[in-house]
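The values are calculated or read from the model by the stated rules, or taken from the named source; none is laboratory data. It should be emphasised that the depicted structure is a prediction, and the values quoted were computed from it without experimental measurement. Ideal geometry is used to build each Cβ from the backbone, glycine not excepted, and the neighbour counts take in all protein chains shown.
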Amino acid sequence: MDIENVSIDEITQNIQTQTSVSSESLLGTDRQNDLDKGWHDTDRKAIHEDYWGNVVYREAKARLDEGELSFDELWEHLNIHEFLEGSAAGRKAQAKSAMRGLFTNTASENTAASGAALHRNCIKFMHKGHVGDISPFSMCSLKRDRMLTLLSRFVKPGDAIVDLGSGWGRYSTLFAHRMRDVSIYAGEISEAGRATTKLISDHYSLGIGSFAFNYYEWNGLLSVLKECKRDRVVLFSNFSIEQATYINLDLYRDVLALGKQIQFVHIEPVGWQTLPSQDALRFSTPPARRLGPGQGYNKNLLVVVKKLADTDAIKDVNVEPNYIAFGNIRNSGTLLTFRSN
Ligand SMILES: C[S@@+](CC[C@H](N)C(=O)[O-])C[C@H]1O[C@@H](n2cnc3c(N)ncnc32)[C@H](O)[C@@H]1O
């Protein structure tokens, strides 16, 4: 999508024809999540406290307490564990493996079924519009490889990366482990997510600056950016702006007003917000209209980016729908990159 050749009205109309929106919220408001029956940040936080705490933190702690494990072994293990235990597709793959009757010993059935599931091509994968089926093992390698390859285009020694909505630290820990002379910060709303990042960072001396971050209250982010000695910063997000039904234009304006050289790299499921094209819509689904204007995954990121581009606050905008998906290819990540002007 070439953002220069469409108007903000076209983008807005396209969004309005596909889902229910509050037009006053399309550029964000201070407390958008106070919208009646809206998705509240407290609810989103609670969901992830439970998920990261029970599925990932507990496992990371148990594995690290058990003994020596390299960073890569732990990272792979957590990604695979999260898939097998935390997703419906993972549980189904385990059940199928167990059902084949290969394992009779009940005590070891779960472990054996998990082991067999690792080799099943049970995950849909999409990269740059190409789709295939892969196993959890391949998913792990591809997540690591695709993301490091992507970031290598934008990150230079001496930069900082700030991972927004960083979850348990899937990418912040990977970047910190792989990139030399790059300062890594991880902003996350859930304490369980931050605790997991800190556990891994401390164990492997990764030096990640973990901080409390909420898309609706970004003063903490501004403080981190001000205190960071690096002038060039990559602001990265992977499927986390999705959690804010409306992202606030002022978040971007305030970040840009700091005067640093900021490169934005977002991977977010907003392909449906680009002008309707059969391809974008095949792999991206708008939030159901019945949810009403205040609920559902993000509905305005493209509007905010277009507004920033129209006011010359940013340049080099690139929007690539159908960029990447692991699992639900109907909710694929669009790659959005742009930088401060
Ligand atoms: C789908 S997860 C993605 C996590 C991580 N980026 C990754 O790729 O593994 C979405 C993350 O956004 C966080 N989140 C939810 N609401 C948020 C908000 N209002 N502000 C900041 N982060 C939020 C969640 O706690 C969760 O960690």
*When only residues in the stretch 77-96 that are free of Cβ contacts under 8 Å to residues at least 40 places away in the same chain and small (Gly, Ala, Ser) count, which is surrounded by the fewest Cβ atoms within 10 Å (Cβ to Cβ)?*
88
_Residue among 285, 337, 274, 311 that is within 16 Å of the chain's Cα centre (by Cα) and among the polar types (S, T, N, Q)_ = 337
*Could we say that residue 153 is without any contact (Cβ under 8 Å) to a residue 12 or more places away in the chain and either touching a Phe, Trp or Tyr at 6+ places or on another chain (Cβ under 8 Å) or away from the ligand (no atom under 16 Å from the Cβ) (or both) here?*
yes
*asked:* As an exercise: evaluate residue 156 against (1) modelled with pLDDT of 95 or more; (2) more than 26 Å from residue 253 (Cα to Cα) and give the number of the one condition it does not meet.
replied: (2)
*Restricting attention to the stretch 220-249, which residues are more than 21 Å from the chain's Cα centre (by Cα) and of a type outside the set (Lys, Arg)?*
223, 227, 228, 231
*Hey, can you tell me all the residues within the stretch 211-250 that are within 12 Å of the ligand (Cβ to nearest atom) and of a type in the set (Gly, Ala, Ser)?*
212, 220, 237, 240, 244
*Examine the stretch 141-154 for a residue that is aliphatic (A, V, I, L, M) and buried (at least 22 other Cβ atoms within 10 Å of the Cβ), and state whether such a residue exists.*
no
*Please find, within the stretch 156-165, the residue that is nearest to the ligand (Cβ to nearest atom) out of those that are assigned to a loop (DSSP other than H, G, I, E, B) and closer than 16 Å to residue 262 by Cα.*
159
*In the stretch 251-260, is there at least one residue being within 12 Å of the ligand (Cβ to nearest atom) and surrounded by fewer than 22 Cβ atoms within 10 Å (Cβ to Cβ)?*
yes
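For every residue, the table says whether it meets (1) basic (Lys, Arg); (2) modelled with pLDDT of 95 or more; (3) away from the ligand (no atom under 16 Å from the Cβ); (4) touching a Lys or Arg at 6+ places or on another chain (Cβ under 9 Å).
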site: 133; (1), (2), (3), (4): no, yes, yes, yes
site: 136; (1), (2), (3), (4): no, no, no, yes
site: 167; (1), (2), (3), (4): no, yes, no, no
site: 173; (1), (2), (3), (4): no, yes, no, no
site: 176; (1), (2), (3), (4): no, yes, no, no
site: 180; (1), (2), (3), (4): yes, no, yes, no
site: 185; (1), (2), (3), (4): no, yes, no, no
site: 190; (1), (2), (3), (4): no, yes, no, yes
site: 200; (1), (2), (3), (4): no, yes, no, no
*Output the residue which, of all residues in the stretch 39-53 that are assigned to a helix (DSSP H, G or I) and buried (at least 16 other Cβ atoms within 10 Å of the Cβ), is farthest from the ligand (Cβ to nearest atom).*
53
*Say whether the condition of being closer than 23 Å to residue 153 by Cβ, in a helix (DSSP H, G or I), within 16 Å of the ligand (Cβ to nearest atom) and in contact (Cβ under 8 Å) with a residue 24 or more places away in the chain is met by at least one residue in the stretch 283-301.*
yes
*Looking at (1) polar (S, T, N, Q); (2) closer than 19 Å to residue 186 by Cα; (3) in a strand (DSSP E or B), can you tell me which one residue 318 breaks?*
(2)
*Out of the residues in the stretch 66-76 that are part of a helix (DSSP H, G or I) and at pLDDT 95 or above, which is surrounded by the fewest Cβ atoms within 10 Å (Cβ to Cβ)?*
73
*For the stretch 205-261, how many residues meet the condition of being touching a residue at least 24 places away in the same chain (Cβ under 8 Å), outside any loop (DSSP other than H, G, I, E, B) and farther than 30 Å from residue 293 by Cβ?*
10
*List every residue pair whose Cβ atoms lie under 8 Å apart, where the two residues are 6 or more positions apart in sequence or sit on different chains, the first residue falls within the stretch 178-197 and is basic (Lys, Arg), and the second residue, located anywhere, is assigned to a strand (DSSP E or B) and more than 10 Å from the ligand (Cβ to nearest atom).*
194/210; 194/211
*asked:* Which residue is farthest from residue 257 (Cα to Cα), if the candidates are limited to the stretch 182-204 and must be small (Gly, Ala, Ser) and not in a helix (DSSP H, G or I)?
replied: 190
